[in-house]
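Trainee: Shown below is the structure under consideration.
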Amino acid sequence: MSEDTWGTVDAYILDNVVEEDSALRAALADSRAAGLPDIAVSAAHGKLLSLWAQTLGARRILEIGTLGGYSTIWLARALPHDGALISLEYEAKHAELARKNLARAGVAERVTIRVGAALDSLPVLAKESQGPFDLTFIDADKQNIPAYFDWARRLSRPGSLIIVDNVVRRGAVIDASTADAAVQGVRKLYASLKGDRRVSATAVQTVGSKGYDGFLVARVLEV
Ligand code: SAH
Ligand code: DHB
Ligand code: MG
């Protein structure tokens, strides 16, 4: 089975059950035109994020890693009109484009992007009592994943969901001697979750238009 097949099957899935509208497609097209990396979640993954948020009845969502706001749009559309999403982004250029994409998608009022290193913004969110968040999507720099996860748990309530993207990395995650800081970050997350009774977690390997990777889902039992 080739990557071609994965992409073609993703297109088939989209064609049948995933509604990627013109605002979502334009967000990707304008991100590409502006030279942003092509690393947004797939449409199928974006829809899954929105189904989870709706199933949780999420009213407050935290995202770490906005890029052009593609996943942000999927998540924000799952919120009720008085719901709120805070997305953390390091690159001012990404945040600026994301704001345009979010406005076109009709969700700008529900979304606040905070520009800066997420590890600087997260303590501010805590100090401002912005939590608890019902759902947190972690999708920024991978070496900081363990610290992001710890903050996400602290900003949760029992029953909140934390989703971490890119936790398989083409299978690189099983290489204990890796020199790749991103893979090391992911491995440290798995190690820290081993025996952690405050969360109940699983990870699922995925193939599709974005290649071979996976996501981790954790239900917070105790903050
Ligand atoms: N969630 C997006 C993709 C995010 S890509 C989507 O699926 O559509 C990762 C983003 O994290 C990039 O925009 C990158 O600039 C940002 N990022 C990298 N390091 C960061 C940091 N330390 N703090 C906040 N954002 C960071
Ligand atoms: C990559 C992919 C991602 O989904 C991400 O969030 C960051 C990086 C990558 O393929 O390099
Ligand atoms: Mg990602």
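Trainee: Taking segment 180-208, which residues are within 16 Å of ligand 1 (Cβ to nearest atom) and within 15 Å of GLY46 (Cα to Cα)?
Mentor: THR206, GLY208, listed by residue number.
Trainee: Would you confirm whether any residue within segment 79-102 is in contact with a strand residue (DSSP E or B) (Cβ under 6 Å, 6 or more places away or on another chain), among the acidic types (Asp, Glu) and closer than 26 Å to PRO158 by Cβ?
Mentor: Checked against the condition, which is being in contact with a strand residue (DSSP E or B) (Cβ under 6 Å, 6 or more places away or on another chain), among the acidic types (Asp, Glu) and closer than 26 Å to PRO158 by Cβ, segment 79-102 yields no hits at all.
Trainee: Tell me the residue from LEU79, LEU85, LEU67, LEU125 that is among the aliphatic types (A, V, I, L, M), crowded, with 24+ Cβ neighbours inside 10 Å, more than 16 Å from ligand 2 (Cβ to nearest atom) and modelled with pLDDT of 95 or more, please. Please lay out each step first, then the result.
Mentor: Numbers: LEU79 fails: crowded, with 24+ Cβ neighbours inside 10 Å; LEU67 fails: more than 16 Å from ligand 2 (Cβ to nearest atom); LEU125 fails: crowded, with 24+ Cβ neighbours inside 10 Å.
When all the criteria are applied, what remains is LEU85.
Trainee: Could you run through segment 17-44 and say how many residues are acidic (Asp, Glu) and within 16 Å of ligand 2 (Cβ to nearest atom)? Outline the logic, then answer.
Mentor: Narrowing segment 17-44 to residues acidic (Asp, Glu): 19-21, 30, 38.
The next check asks that each one be within 16 Å of ligand 2 (Cβ to nearest atom); those that pass are 38.
So the answer is 1.
Trainee: So, one more: Among the acidic types (Asp, Glu), within 16 Å of ligand 3 (Cβ to nearest atom) and surrounded by fewer than 18 Cβ atoms within 10 Å (Cβ to Cβ), is that true of GLU109?
Mentor: no
Trainee: Also, I was wondering about something else. In this structure, is LEU56 in contact (Cβ under 8 Å) with a residue 12 or more places away in the chain and crowded, with 22+ Cβ neighbours inside 10 Å?
Mentor: no
Trainee: A follow-up question, please. Sort through LEU24, LEU49 and tell me the only one that's hydrophobic (A, V, I, L, M, F, W, C), more than 13 Å from ligand 3 (Cβ to nearest atom), part of a helix (DSSP H, G or I) and in contact with a helix residue (DSSP H, G or I) (Cβ under 7 Å, 6 or more places away or on another chain).
Mentor: LEU24
Trainee: Which of the following residues is surrounded by fewer than 19 Cβ atoms within 10 Å (Cβ to Cβ) and farther than 23 Å from VAL41 by Cα: GLY211, GLY171, GLY159, GLY131?
Mentor: Every option except GLY159 fails the conditions.
Trainee: With respect to the numbered conditions (1) within 14 Å of ligand 1 (Cβ to nearest atom); (2) closer than 29 Å to ASN16 by Cα; (3) of a type outside the set (Ser, Thr, Tyr), which one is the sole condition not fulfilled by ALA118?
Mentor: It is condition (2) that ALA118 fails.
The values are calculated or read from the model by the stated rules, or taken from the named source; none is laboratory data. Since we're looking at a predicted model, the values are computed, not measured. Here Cβ is always computed from backbone atoms with ideal geometry, including for glycine, and neighbour counts include all displayed protein chains.
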